[in-house]
1. When you scan the range 58-79, do you find a residue that is within 11 Å of the ligand (Cβ to nearest atom), in contact (Cβ under 8 Å) with a residue 24 or more places away in the chain, over 15 Å from the mean Cα position of the chain (by Cα) and more than 17 Å from Tyr187 (Cα to Cα), even just one?
2. Find all pairs meeting these conditions: Cβ atoms under 7 angstrom apart; at least six residues apart or on different chains; first residue within the range 128-154 and free of Cβ contacts under 8 Å to residues at least 24 places away in the same chain and within 28 Å of Pro182 (Cβ to Cβ); second residue basic (Lys, Arg) and assigned to a helix (DSSP H, G or I).
3. Being modelled with pLDDT of 95 or more, assigned to a strand (DSSP E or B) and either of a type in the set (Lys, Arg) or more than 9 Å from the ligand (Cβ to nearest atom) (or both) is true for just one of Thr145, Thr132, Thr82, Thr102. Which residue is that?
4. Which of the residues that make up the range 16-41 are near the ligand (Cβ under 8 Å from one of its atoms), in a helix (DSSP H, G or I) and either modelled with pLDDT of 95 or more or closer than 14 Å to Thr176 by Cα (or both)?
Amino acid sequence: MASINFIKQFIIHPTQTGAIWPSSAELAQVITDAAGLAEASVIVEWGPGTGVFTEQILLKKPKDALFFAMELNPDFVRATQTRCPEAQIYHDSATETPKYLTQHHQSRCDAVICGLPWAAFDESLQDALLDTLLDILQPDARFLTFAYLQGLLLPAGRRFRKKLQSRFSHVTTTRTVWRNTPPAFVYVATK
Ligand SMILES: C[S@@+](CC[C@H](N)C(=O)[O-])C[C@H]1O[C@@H](n2cnc3c(N)ncnc32)[C@H](O)[C@@H]1O
């Protein structure tokens with residue numbers, strides 16, 4: 001069901017969806033394990049899609065931590081909300097995150113776990129999202145986002161990697177999850 005929904009959404013919104021298949025449970029484990037969730041008190045997810053990362057975030061976050069997700073596609077908002085009824089999913093762009101943090105009486109967060117398709121975005125959207133990110137992360141907070149191996153062949157994928165390295169104090173990558181379709185790894189960037 002999640003996979004069928006993904007292919008349909010990719011056909012309707014190709015650059016916004018950026019994938020024809022949801023991430024695997026193994027990639028969800030890798031990205032959420034690297035996020036330091038046990039010590040986080042404010043956690044935001046960008047682009048939950050069908051909720052594969054959301055499910056793991058809910059399992060790993062402290063009970064009293066604030067958590068919400070930002071999703072632009074209403075069909076994916078519904079899919080994640082159905083899969084994870086206890087999660088708060090806002091139907092809005094990730095660039096609007098500061099507004100929702102303010103509604104929760106917060107201005108910064110400790111971790112952003114991201115599923116956005118950076119290699120499909122043009123440079124102005126990459127910059128707008130990275131500007132938002134640097135505004136909302138606490139010093140030393142972590143930003144985690146996955147990338148497909150094949151995306152490193154695309155100019156936008158290489159440009160995104162350089163932008164991360166120039167804007168964050170420390171950027172590492174996890175092991176590659178070969179059984180993800182397609183194979184992917186995670187960038188772990190510290191502000
Ligand atoms: C590659 S899918 C990843 C979905 C899921 N995290 C996964 O790994 O299976 C990208 C997701 O980002 C969402 N998205 C794209 N641009 C967005 C934006 N500006 N703000 C919020 N969500 C966005 C898409 O609608 C889609 O759900």
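The values are calculated or read from the model by the stated rules, or taken from the named source; none is laboratory data. Everything quoted here is computed from the prediction, not taken from an experiment. Please note: Cβ atoms are built from the backbone with ideal geometry, for glycine as well, and neighbour counts cover all protein chains shown.
1. First, the residues of the range 58-79 that are within 11 Å of the ligand (Cβ to nearest atom): 69-77, 79.
Filter once more, keeping what is in contact (Cβ under 8 Å) with a residue 24 or more places away in the chain: 69-73, 75-76, 79.
Narrowing the set further to residues that are over 15 Å from the mean Cα position of the chain (by Cα) leaves 75, 79.
Imposing the further condition that a residue be more than 17 Å from Tyr187 (Cα to Cα) reduces the set to 75, 79.
Yes: one or more hits.
2. Listed by first residue and then by second, the contacts come to Leu152/Arg158.
3. Going through Thr145, Thr132, Thr82, Thr102 in turn, just one is modelled with pLDDT of 95 or more, assigned to a strand (DSSP E or B) and either of a type in the set (Lys, Arg) or more than 9 Å from the ligand (Cβ to nearest atom) (or both): Thr145.
4. Leu27, Ala28
Residues are listed down the side, and each one gets a yes or a no for (1) in contact with a strand residue (DSSP E or B) (Cβ under 6 Å, 6 or more places away or on another chain); (2) closer than 24 Å to Ala38 by Cα:
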| position | (1), (2) |
| --- | --- |
| Ser93 | no, no |
| His105 | no, yes |
| Ala111 | yes, yes |
| Phe146 | yes, yes |
